[in-house]
Amino acid sequence: MFEQLAPEYVEYWFVVGFNKFLRVFWYFCLFEFTRYIIIDYIIVFFKWLTRKSDDEQFEQARRAFFLENPLVSIIIPGKNEGAHLFKLTKSLAEQTYQNFELIIVDDGSDDETPIIGKNLERLGLIDMFIRNEIRGGKASAANLALRYAKGKYIVHLDADCSFDRDAIERVVIPFYYDEKIGAVGGNVKVRNYNDSLCTSLQAIEYLKTVSVGRIITSYLGIYKIVSGAFGAFKPEILDRIGGWDIGPGLDGDITVKIRKCGYKIHFEPKAICLTNAPSKFKVLTKQRLRWDKSIIRFRVRKHRDVYFPHANFNWSNFFALFENVFYNVILDLMWILYMIDILFNYTSSLQYIIPMNFTLYVVMSYVQMGSILLFTERRKEEMKLIKFIPLMTIYTGIYLRLVRTTAYYKEFFFKHSYEDVWNPSKSSTMAKRYGL
Amino acid sequence: MFELIQHPNSSSKTLSFDNESLNVVVINRVGELDVDSLQNADALLIQTTTSHDANELIRSIRSNRNRLKALIPVFISSTVSNLQSIRYQFDGVFSDDTKEILLQRLKAIKSRLAEMNYEIHQLDYHQSLLQSALQFAYSREQVFEPVRNRFSKIGFSYPFLGAILKEEEANRVLEILNISCTEGYTTKKAIEKTHTCKKCSGGYLNYRECCPKCGSSDLKTEDLIHHFLCAHIAPEQDYKKEDTLECPKCDKELRHIGIDYDKPSSMHTCNDCSHSFQQAEVKALCIDCGHDNELSQLGSLEIGAYELTPHGEQIAKFGLHIQKTETTSKEIHTVSVQILELFKKQELSREQLEKQCWEGSVRIHPEIMSHFHIEQQEIIQKEICTIISKYLGKADVLSSPNTTWYRFLVYDKSPENIEKTGSIIQNNISKLITDGIGEYEHPAEVLITKLDNGVDHV
Ligand SMILES: [Zn+2]
Ligand SMILES: [Zn+2]
Ligand SMILES: [Zn+2]
């Protein structure tokens, strides 16, 4: 019966046997399946085992937090974000935790932002609106906000995000779990997942890499990026490391710096912020080129010391960066090797390999989606994304890989990120000169 | 030429012009001003030592209730100290060089004053001021131009009205002038705009940057420095190390603005509550009453120049109520005294009075009417007739033999009703008169008697 239903290419693999299957799909079995299915489900299982004590720990921390009622400084650096500001203040006014100050830094906007910001400040909807006439880049804007923040905790947000009602409370509470937690990352999801194919695919990607991926890395102690869109920090640590350095990729960079100081980074999946993803592939490509270049610039170049033995060497820092670099940079190269391997050694069986490979990835995507749905609190909405899953193979397997490879190539050989207009050239010139 | 003649009755001197008999009274001290003696003077020359005394004199001259005296030309001697600040209140500065000009001016004013009915008294104080102001402007052929004045509550003064009303009442000067404009007596040309205290309307405001949180004006302002290399940004103070600038984050020295660092903006910090902010709140502290105004609370005044219109000139010459005379005269049925007597006789001749008939009379104190010009008296007479006729029936008869005497016959009213009517009429007429000339005891007397065969109460 099975033979009648299964397509010919699947049947083929049953006939040739498991050993050949492993030989041909070594890349999939070794890296993708182990990392994204086996490890994920093992951790899901462990988390399920400890769910009761986790809940208790949360309740205890929450009580301590509300008892102390510390001032939280919400800082939002940005350029030309004026249009989002009013909505943002409204979103924050709905928060369950209200003892916060809101500091907005306008980094040399050339639109209405200064007028809007000043008005909101006068109306008392923003506590501090700081306008920089000259643009200094996102890092300097964040540092300026930090300089004037008075809170016990700093929450860094992007202006175009909106938040679940308990997001601020949830992103700060983990500091009460453990003294050594230096930063907490919030969960970023795609708000406009319905806008276009491009945003739907990104929504799935975010669920995989952010929502689930970070639960896993956080659990393993190798979580290495607190998103700029939504993260919480202890100001004394930020002061110690001098705040943010020049980007792009400054959110990943600051996380590594905090790790290097000996602090833990915690991911809080239930602190949820929604962001708008680029709805066109052209814009998305630009964004990803920038992000991917920063892996080379920061994880490979700037923070290369974590890979070598020295006084402050730390295994989890090593693994945190290594996992990141390995799964992005090294596997990218490995994929090319794999392609060559298949093309040369199995030229005659390509009609069985290509569809099978595709099938494996689609099936894996569905299985992964299963783990996403186990964790999520927006199950109903996210179920709608299931129909796009077959396309994810093309999206991550081909599109993102292509963009990534281009970015690595440009950054590795040409240090392309220093020309990015995302930073003012005065900062890039300096950063390049000093190899930052 | 002018020449000095000793004034016969006082220590002040009189200047006379040789060819013509123009009599200019010289006043050297505040105490010398004898208002009654102004009757014969053509002009006054103030020759006090200080401008303060001169100011006091011009105030008492211009506020005289007798308009003839209030509008007299007044010159100030060039020897008065600090006269610049008050010269706009005078008709000229007297010195050897200006004698001839002032003489011409004096003659011009005199002839214009002669054109006017300046005995006309108004019904209320403000209208009276307005009338005088219009006459002043007419006689001087002058536009009411605002003059910057450090002591005026709104920072500006006007000739004439500014001399009468105190400096704290500068707002009322504007009110009167604005009425003259809305009534069409003057046209207004905006010259300046001034902001005023919400609480006391004072124009003396101290504007300064304040902390938006606590309102303190004790602020520290610092430039922000952005170090390009490490993206550190903080107030300049954070970087200061002896004579150099050193980055507190990366310890590098900042040598060159534009290459190492720049100053993207600045921040204020409140020394009282240590709040940091960029947008200081500008507030206006009222020097007069101490109220700290938010800018949005401030009032605003338009300071304009007011020029007489032809209509305004008419008012200056003939009085404020000329037009109203015409409009109020209609629809009041009065009869001559003969007719009233006829009606009365008819009524008395009836053997039996079936209905009750009353005769009323209203007498206005003759002294009151002497306060008013003849034209004005007629207006008042008509107003009184209007008041009385309001309470009369269609068949009732009203007559006014003269401006102080009003008679009427009322048919068909009960004793209680007629008594009520009498007291209402008395009240309303008294109110009309006291509104015009101020408090007066028993301005009107109303007497009502029942018409009886044979008895005449009037
Ligand atoms: Zn620096
Ligand atoms: Zn203050
Ligand atoms: Zn005041």
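The values are calculated or read from the model by the stated rules, or taken from the named source; none is laboratory data. On a predicted model such as this, the values are computed, not experimentally measured, just so you know. Note that each Cβ is placed from the backbone with ideal geometry, even for glycine, and that neighbours are counted across all protein chains shown. Side chains included, ligands, DNA and RNA excluded: accessible areas come from the protein's heavy atoms. Shrake-Rupley method; radii C 1.70, N 1.55, O 1.52, S 1.80 Å.
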Revision key, fill the gap. Checked region B:213-251 for anything within 16 Å of ligand 2 (Cβ to nearest atom) and open to solvent by less than 60 Å² (accessible area, probe 1.4 Å); matches are B:GLY215, B:SER216, B:LEU219, B:GLU222
Point to revise | Those residues of region A:94-140 which are touching a helix residue (DSSP H, G or I) at 6+ places or on another chain (Cβ under 7 Å), open to solvent by 50 Å² or more (accessible area, probe 1.4 Å) and among the polar types (S, T, N, Q), in sequence order | key: A:THR96
**Study point:** Test: residue in region A:201-222 that is of a type in the set (Asp, Glu) and farther than 30 Å from A:THR34 by Cα
**Key:** no
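For the condition within 16 Å of ligand 3 (Cβ to nearest atom) and closer than 29 Å to A:LEU102 by Cβ, what is the one hit in B:LEU285, B:LEU295? Let's see the steps before the verdict.
Details: B:LEU285 fails: closer than 29 Å to A:LEU102 by Cβ.
Answer to the check: B:LEU295.
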Point to revise | Extreme residue, nearest to A:LEU373 (Cα to Cα), among residues of region A:400-416 that are of a type in the set (Phe, Trp, Tyr) and either free of Cβ contacts under 8 Å to residues at least 60 places away in the same chain or open to solvent by 60 Å² or more (accessible area, probe 1.4 Å) (or both) | key: A:TYR409
Exercise for review: Collect the residues in region B:80-99 that are modelled with pLDDT under 90, within 18 Å of B:PHE156 (Cβ to Cβ) and open to solvent by less than 40 Å² (accessible area, probe 1.4 Å), keeping them in residue-number order.
Suggested key: B:ILE86
Revision key, fill the gap. Quick count over region A:218-240, residues being within 20 Å of B:HIS226 (Cβ to Cβ) and buried (at least 20 other Cβ atoms within 10 Å of the Cβ), is 2
**Study point:** Wholly within region B:161-255, helices (runs of 4 or more DSSP H) carrying at least 1 residues that are under 30 Å from B:VAL143 (Cα atoms), away from ligand 1 (no atom under 16 Å from the Cβ) and away from chain A (no Cβ under 14 Å)
**Key:** B:161-164, B:170-182
Check your understanding: Does B:GLY422 satisfy the condition of being surrounded by 18 or more Cβ atoms within 10 Å (Cβ to Cβ) and farther than 27 Å from B:TYR125 by Cβ?
Key -> yes
Review point. Taking interchain pairs and intrachain pairs at least six residues apart, which have beta carbon atoms under 6 angstrom, with the first residue in region B:184-205 and at negative phi and the second open to solvent by 70 Å² or more (accessible area, probe 1.4 Å) and within 16 Å of ligand 3 (Cβ to nearest atom)?
Key: B:CYS200/B:ASP288; B:GLY202/B:ASP288; B:TYR204/B:ILE287; B:TYR204/B:ASP288
Revision key, fill the gap. Picked from region A:417-436 (must be open to solvent by less than 60 Å² (accessible area, probe 1.4 Å) and away from every other protein chain (no Cβ under 14 Å)), the residue farthest from A:GLY78 (Cα to Cα) is A:SER417
Review point. Taking B:ALA284 and the conditions (1) free of Cβ contacts under 8 Å to residues at least 24 places away in the same chain; (2) buried (at least 19 other Cβ atoms within 10 Å of the Cβ), which numbered condition does it fall short on, given that it satisfies the others?
Key: (1)
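Output the helices (runs of 4 or more DSSP H) that fall wholly within region A:326-387 and possess 3 or more residues being surrounded by 14 or more Cβ atoms within 10 Å (Cβ to Cβ), or say none.
Per the criteria, A:331-345, A:350-375.
Within region A:309-325, work out how many residues are in contact with a helix residue (DSSP H, G or I) (Cβ under 9 Å, 6 or more places away or on another chain), in a helix (DSSP H, G or I) and not β-branched (Val, Ile, Thr).
Within region A:309-325, residues that are in contact with a helix residue (DSSP H, G or I) (Cβ under 9 Å, 6 or more places away or on another chain), in a helix (DSSP H, G or I) and not β-branched (Val, Ile, Thr) number 9.
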Exercise for review: Among the candidates A:ALA167, A:ALA145, single out the residue that is within 14 Å of chain B (Cβ to nearest Cβ) and either of a type in the set (A, V, I, L, M, F, W, C) or in contact with a helix residue (DSSP H, G or I) (Cβ under 9 Å, 6 or more places away or on another chain) (or both).
Suggested key: A:ALA145
Point to revise | Where A:TYR153 falls short, out of the listed (1) more than 8 Å from chain B (Cβ to nearest Cβ); (2) without any contact (Cβ under 8 Å) to a residue 60 or more places away in the chain | key: (2)
Review point. Are any residues in region B:261-277 more than 8 Å from chain A (Cβ to nearest Cβ) and either of a type in the set (Val, Ile, Thr) or free of Cβ contacts under 8 Å to residues at least 40 places away in the same chain (or both), and if so, which ones?
Key: B:TYR261, B:THR269, B:SER274
Study note, to complete from the structure: Checked against (1) within 16 Å of ligand 3 (Cβ to nearest atom); (2) in contact with a strand residue (DSSP E or B) (Cβ under 8 Å, 6 or more places away or on another chain); (3) open to solvent by less than 50 Å² (accessible area, probe 1.4 Å), B:GLY290 satisfies every condition except (2)
Check your understanding: Based on what the data block shows, is A:GLY228 within 14 Å of chain B (Cβ to nearest Cβ), modelled with pLDDT under 90 and touching a His at 6+ places or on another chain (Cβ under 8 Å)?
Key -> yes
Review point. Pick from region B:256-274 the residues that are among the hydroxyl-bearing types (Ser, Thr, Tyr) and part of a loop (DSSP other than H, G, I, E, B): which of them is farthest from ligand 1 (Cβ to nearest atom)?
Key: B:SER274
